[in-house]
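Okay, structure first, notes after.
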Amino acid sequence: MRIPITFFINKLGKFLQNSPVFLLRPSQLKRISKQSYNTTNSAEFWGDKNFVNQGFFPGEKEVFELLNKKKGNLLLLGIGGGREALVLGKAGFNITGVDFVKELLDKAIENGKEAGIEIKGIHSDIANINVDPDSFDVIWYSCSIYSSIPGRKKRIKNLKWSGEMLKSDGFIACFFYWNPSAAGGNLRWKLGKFLSRITFGNTTYEKGDIYKDNLEFLHAFYDKENLISEFDEAGFQVIDFIFPENSNNACALLKKRV
């Protein structure tokens with residue numbers, strides 16, 4: 001009897017730990033994520049020179065090598081302290097970096113200057129950037145930033161907006177959080193969906209939504225066909241997928257659908 005009870009309590013604990021993703025509204029989930037990153041400790045960690053100088057993480061180098069463009073204008077969404085920007089800038093791209101944490105954005109620009117790379121910074125949420133259409137050869141969604149957008153409709157809207165800023169022959173490197181086990185069971189999803197509705201919380205709640213490390217909202221993708229469908233609805237075709245071993249930081253290389 002003790003084993004089933006222990007198993008049930010463990011499951012219940014995990015469900016309650018994840019409760020913010022269905023009890024909070026999408027705007028509140030985004031606010032929590034911003035608060036988690038908008039701290040002095042966070043800025044010091046992501047902007048630290050030892051961290052920034054690590055270069056590409058697993059999967060990022062493979063995506064870069066797939067690009068047939070190695071120069072031009074690149075928009076980096078979620079620049080952080082500039083880790084990816086330094087590599088991409090040294091390769092020949094003109095970098096425009098976006099981040100909602102001003103301290104991090106300033107750190108990225110500073111790190112770029114020390115490396116001889118000019119970075120144009122935009123202090124903004126990735127959903128509220130004001131740039132001219134057809135401006136960029138590559139748009140790079142850093143790490144799992146695509147997964148930080150709550151709700152399929154909003155993610156598609158964001159990709160369509162990125163498509164407007166992208167040149168006709170440009171590419172999008174769309175990094176997302178990949179975890180096939182994150183979908184959970186139907187009962188957990190139905191209960192979460194029910195609670196989101198009666199509390200007027202995250203009515204966009206979907207399988208794969210997680211409260212990662214009690215710090216931030218992420219949508220964990222677990223099905224490649226769902227990803228292809230989502231990208232297709234936004235007007236993009238998938239050139240290739242990269243799923244690095246021992247990493248949740250996966251990527252799809254996208255091109256505008258002809």
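Descriptive notes on the structure:
- Flag if GLY55 is small (Gly, Ala, Ser), crowded, with 22+ Cβ neighbours inside 10 Å and in contact (Cβ under 8 Å) with a residue 24 or more places away in the chain: no
- Listed by position, the helices (runs of 4 or more DSSP H) inside the stretch 26-92 whose residues that are of a type in the set (A, V, I, L, M) number at least 2 are 26-37, 60-66, 83-91.
- Listed by position, the strands (runs of 3 or more DSSP E) enclosed by the stretch 115-230 that each have at least 1 residues that are among the aliphatic types (A, V, I, L, M) and out of contact with any His (no Cβ under 9 Å at 6 or more places or on another chain) are 119-123, 136-141, 166-177, 216-219.
- Reported count of residues in the stretch 1-44, each being under 27 Å from the mean Cα position of the chain (by Cα) and at pLDDT below 60, is 1.
- First in the stretch 219-248 and without any contact (Cβ under 8 Å) to a residue 40 or more places away in the chain, second anywhere and aromatic (Phe, Trp, Tyr) and part of a loop (DSSP other than H, G, I, E, B), Cβ under 6 Å, 6 or more apart: none
- In the stretch 61-98, residue surrounded by the most Cβ atoms within 10 Å (Cβ to Cβ) [restricted to those that are aliphatic (A, V, I, L, M) and in contact with a helix residue (DSSP H, G or I) (Cβ under 7 Å, 6 or more places away or on another chain)]: ILE79
- Scanning the stretch 212-225 for residues that are over 14 Å from the mean Cα position of the chain (by Cα) and either acidic (Asp, Glu) or surrounded by 15 or more Cβ atoms within 10 Å (Cβ to Cβ) (or both) yields ASP213, TYR222, ASP223, LYS224, GLU225.
The values are calculated or read from the model by the stated rules, or taken from the named source; none is laboratory data. On a predicted model such as this, the values are computed, not experimentally measured, just so you know. In this analysis, Cβ positions are derived from the backbone assuming ideal geometry, glycine residues included, and neighbour counts consider all displayed protein chains.
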